[in-house]
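FYI, it's all coordinate maths here, none of it is from the lab. Computed from a prediction, not measured in an experiment: that's the story for all the values here. A quick note on method: Cβ atoms are made from the backbone with ideal geometry, for glycine too, and the neighbour counts reach across all protein chains shown.
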Amino acid sequence: VIPEIREIRVGCVARVEGQGALRLRWEGDELVDVNLRIFEPPRFFEGFLRGRSCLDAPDLTSRICGICPLAYQFTACAAVEDALGVTVLPELLDLRRLMYAGEWIESHVLHMVLLHAPDFLGLDDVADVARAHPDRVRDALRVKKAGNAIMATLGGRAIHPINVRVGGFHKLPDRDALDALADELEACRPLVVGLLRWAAGFDHPELRHDVARACVAPDAGYPLLGARIATSTGQAFPVDALATRVVEEQVPWSNALHARLDGAPYLTGPLARFELGFDRLDGDARALAAELGVVPPVRNPFRSILVRGLEVLHALGTAARLARHAPVDGPPAVPVVPRAGAGWGATEAPRGLLWHGYELDDEGTITAARIVPPTSQNQLAIEGELRAIGPRLREADDAAARRLAERVVRNHDPCISCSTHFLTLTREGA
Amino acid sequence: VIRVLGLGEPARGDDVVGPVVAEAVRADPGVDVVIARDALALVDALLDADHVVLVDAVLADPAPGTVLTLTEDRLDRDVRAVSTHVTAVPTAIALARALGATARLDVVGVVVGVLVAPEAEPRVGLSDAVRAAVPAAVAAVRALVEPPEAPTTLVDGARSGTGA
């Protein structure tokens, strides 16, 4: 008997960053293929970093992404500082935390309300959401603007900031600007509480697919910057161990590499951070989480919208506090002398764990680079979730199945153009 | 307040024509010039101002360098951004209108060819055809911004080609 073959294709996944598609194929009742197809072209960043000064790595890699440029800048800084043996002053690390909060706020609010909420409301896009819930969208735009303002105040501009350097910053911010920022961040907190209560009332479909979660260890607060990685399987290890524990593999249907940690798929991002760092979350965010019944571990990815909201609340509180106490005089950076070395750095981009590794020659020129963004690490976990929801997709008609499958992808806010910067393009039969 | 919003990315060749034209009217009285790379700035403009003149590179049939003055209803509403890096102009307009924006919107579009040809070296700055259109685009913006009873002054101002 020849089994009935059914294929569901989503030609271009909407409301995600970059260009990706989906292909699901059943033979009879068996779901044989689940392909998250990332066809965004390869971007070769690791290749063209070779021969460049390590001091250029932050600004060059920031161009990997227009939503999370800062994640690339700070991760490149961390890796180069590791290679050069540079220790950044604690107050400058606090400035990095403040600035990074801006990126989390703008990226998360954009995803929550403009990209993700339409899924729960059965609407096509943000204009529909704005017609149905104008106050929520207005609030979200104001909060997003506050995130942009942090980036502009500390970085010189909101996208691809120009004030970040290995060792610290080019220039420290101005006291008045920081105070104005802190006022607005505090004013945004009730708006986010409102957004969270709203999103908590959505119908979140059930889905559970257990894979290990990994993030920067919460040694110095909620996962963000740090020298160690923690996992939900109880492991903790230095960032440089990722180089050997994570194996990346090319698959025919994706221009992004698939990553495995200790041989298994794993998930990074808000759900991982929330599970491993909940104790270090801002107190108000923790209290609201308990009230809304969002307690770790959150294993249903459809509830990631709530975790993102709680992270925004956390980021607003942290950023307001840091802005009040940020240094405005003193050296903006510690001295940096390029030399030979190798180093690794990891930080938490809004979407998850991002790590870089560089090898430098005597002049500090990059001779090898490795960049592993969150979306390529999450690809296998997302495909696993699509498999887990397979029976529901099988029952649904094509339009409903496509919609549900896209939602599974969007739950993780994938940043597809980040994920395709890899080094080697292998062409078969060419 | 009349806001002139120049939309475009400086690193993408002719896409920067919106900012170039908007900068040229920055010193004009009664005008608030904003430069942005993402059409989300259009949402703010429509919510904050009474009248918005959006200056942007457009893809259309006429030859590159043609200046078009368009009203909101002439724009293709089906254009959607492929990436969440940017908001499409029609999405930004729909979003602002849904949020209650009543501002008048005019668009001065400068027709560009292919922004960055695949085989070409990346280029920063305008092509010859589009650069030549800047004075006409500046004039088109001023015609929308200034009171209609003074058309002659308008044209003279345009000929002087301030900043173009």
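The table that follows gives values for the structure above.
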{"read-out": "Total formal charge among the other residues, if their Cβ is under 13 angstrom from that of B:ALA140, Lys/Arg +1 and Asp/Glu -1", "value": "-2"}
{"read-out": "Gaussian network model of chain A, Cα within-10 Å springs - most flexible of A:PRO118, A:PRO335, A:PRO374", "value": "A:PRO335"}
{"read-out": "Local electrostatic count, A:LEU353, Cβ distance below 11 Å [Lys/Arg +1, Asp/Glu -1]", "value": "+2"}
{"read-out": "Rounded, prolate or oblate (a/c below 1.5 giving rounded, otherwise prolate when a/b exceeds b/c) for the stretch A:120-248 by Cα gyration tensor", "value": "oblate"}
{"read-out": "Charge dipole magnitude, Cβ of K and R +1, D and E -1 - the protein assembly as shown, Cα centre, debye nearest 20", "value": "560"}
{"read-out": "Highest-fluctuation residue, A:VAL34, A:VAL337, A:VAL372 considered, GNM on chain A with Cα pairs under 10 Å", "value": "A:VAL337"}
{"read-out": "Peptides ranked, highest mean first, by Cβ atoms within 10 Å: ranges A:142-153, A:246-257, B:13-24, A:381-392", "value": "B:13-24, A:142-153, A:381-392, A:246-257"}
{"read-out": "Alpha-carbon Rg with Dmax, taken over the protein assembly as shown, Å", "value": "24.5, 83"}
{"read-out": "Residue among A:LEU121, A:LEU195, A:LEU22 with the largest mean-square fluctuation in a Gaussian network model of chain A, springs linking Cα atoms under 10 Å", "value": "A:LEU121"}
{"read-out": "Cα-centred dipole magnitude for the stretch A:249-393, charges only on beta-carbon of K, R (+1) and D, E (-1), debye, nearest 20", "value": "540"}
{"read-out": "GluC sites (Glu not before Pro) within the stretch A:37-99: DSSP coil, no more than 15 neighbouring Cβ in 10 Å", "value": "none"}
{"read-out": "Equivalent ellipsoid dimensions for the stretch A:236-335 as semi-axes, Å, which come from the Cα gyration tensor, largest first", "value": "30, 24, 13"}
{"read-out": "Phi to ³J(HN,Hα) by Karplus 6.51 cos²θ - 1.76 cosθ + 1.60 over the stretch A:290-296, Hz, x for Gly, Pro", "value": "5, 4, 8, x, 9, 10, x"}
{"read-out": "Bridge type composition, the protein assembly as shown - antiparallel percent by DSSP, nearest 5", "value": "70"}
{"read-out": "Amide H contacts of A:ARG213 (H built 1.01 Å from N, under 5 Å, at least 5 apart or other chain)", "value": "A:SER232, A:THR233, A:LEU267"}
{"read-out": "Chain lengthening between A:ASP174 and A:PHE237 when straightened (0.36 nm per residue, less Cα-Cα)", "value": "18.9 nm"}
{"read-out": "Local net charge near A:ASP94, Cβ-Cβ under 12 Å (Lys/Arg +1, Asp/Glu -1)", "value": "+3"}
{"read-out": "Other protein chain Cβ atoms within 10 Å, averaged over every residue that makes up B:89-101", "value": "4"}
{"read-out": "Pair A:LEU123, A:ASP29: separation of 7 Å Cα→Cβ label points (nm)", "value": "4.0"}
{"read-out": "DSSP-assigned coil residues among GluC sites (Glu not before Pro) in the stretch A:272-377, each with at most 13 further Cβ atoms within 10 Å", "value": "A:GLU363"}
{"read-out": "A:VAL295-A:ILE5 pseudo-label distance in nm [points 7 Å out on the Cα-to-Cβ vector]", "value": "5.0"}
{"read-out": "Value at 222 nm in deg cm²/dmol, rounded to 500, when DSSP H runs of n ≥ 4 in chain A each add -39,500 (n - 2.57)", "value": "-13500 deg cm²/dmol"}
{"read-out": "Unit charges on C-beta of K, R, D, E only; dipole of the stretch A:62-173, Debye", "value": "400"}
